[in-house]
Amino acid sequence: MARVLIEEEGAPVRYYRLVTDAVVIGRADTADLVLPDTGVSRTHALIGRRGDGWYIEDKGSANGTQLNGSPVAEAPIGPGDIVVVGKFSLRLELEDEGEGAEYTDPSGNLGDDLTSPAIPVSEILAAQQAAAGAAPGAGPATAAPHLLGTDGVRYDLSGKVLAFGRDIPVTGVLPFFSAGEIRAVEGGWLVKQGFVLTPVEVNGKNVASHRLVEGDQLRVGGTRFTYHGP
């Protein structure tokens, strides 16, 4: 098993598990490994498996890809090599498949969106409960309803209406456009689309409005969240 360690100045360390033989890196939401930075092209590079090893390939990006400080078009990579894409530094790590811990982010950002989606939601929730000191098997309803961003920031849901872009930060949305809202309803929370050109997705599907349930994956503009609550 292999994974990529992602480092960004001023941000927690994150990981992405390589569970397929080709991973597209880019700024676009359609990339496998999304790196939100203007210095990253929409389709910037690819990490692929070749035989028993891995390689990095630049996909004609505007700012190029560096391997250990030098520009590269395509080259093999191994543990310890540093690939720079925009403001992000990526380092390949090989793991023993017998390792018990699925998440080893020292900042505690369990279930980060950069982690491979092949990991079951149940495992993500169990890891989050363990990190928070919750008793095994305790339901998510024991915690206050909240959104967990991919950067590990938690946004507690309080009051009646919270606006995306104003109360909850999102990227890729002009300030004078409504980016949608999340509204308290009886027994839970409802997310609603704002300006029609601002995408609001729940579990990968565009929605005009949607009542959220535990574990829903929410994207507003260029920002992703996981909903935890009733």
**In the stretch 150-166, the residues that are open to solvent by 40 Å² or more (accessible area, probe 1.4 Å), more than 20 Å from the chain's Cα centre (by Cα) and free of Cβ contacts under 8 Å to residues at least 24 places away in the same chain** = Ser158, Val161, Arg166
**Prompt:** Looking at Ala75, Ala31, Ala62, which one is open to solvent by less than 30 Å² (accessible area, probe 1.4 Å) and either touching a helix residue (DSSP H, G or I) at 6+ places or on another chain (Cβ under 7 Å) or assigned to a loop (DSSP other than H, G, I, E, B) (or both)?
**Reply:** Ala31
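The values are calculated or read from the model by the stated rules, or taken from the named source; none is laboratory data. Model, not experiment: these values are computed from the prediction. Ideal geometry is used to build each Cβ from the backbone, glycine not excepted, and the neighbour counts take in all protein chains shown. Ligands, DNA and RNA are excluded from the accessible area calculation, which covers all protein heavy atoms including side chains. Shrake-Rupley method; radii C 1.70, N 1.55, O 1.52, S 1.80 Å.
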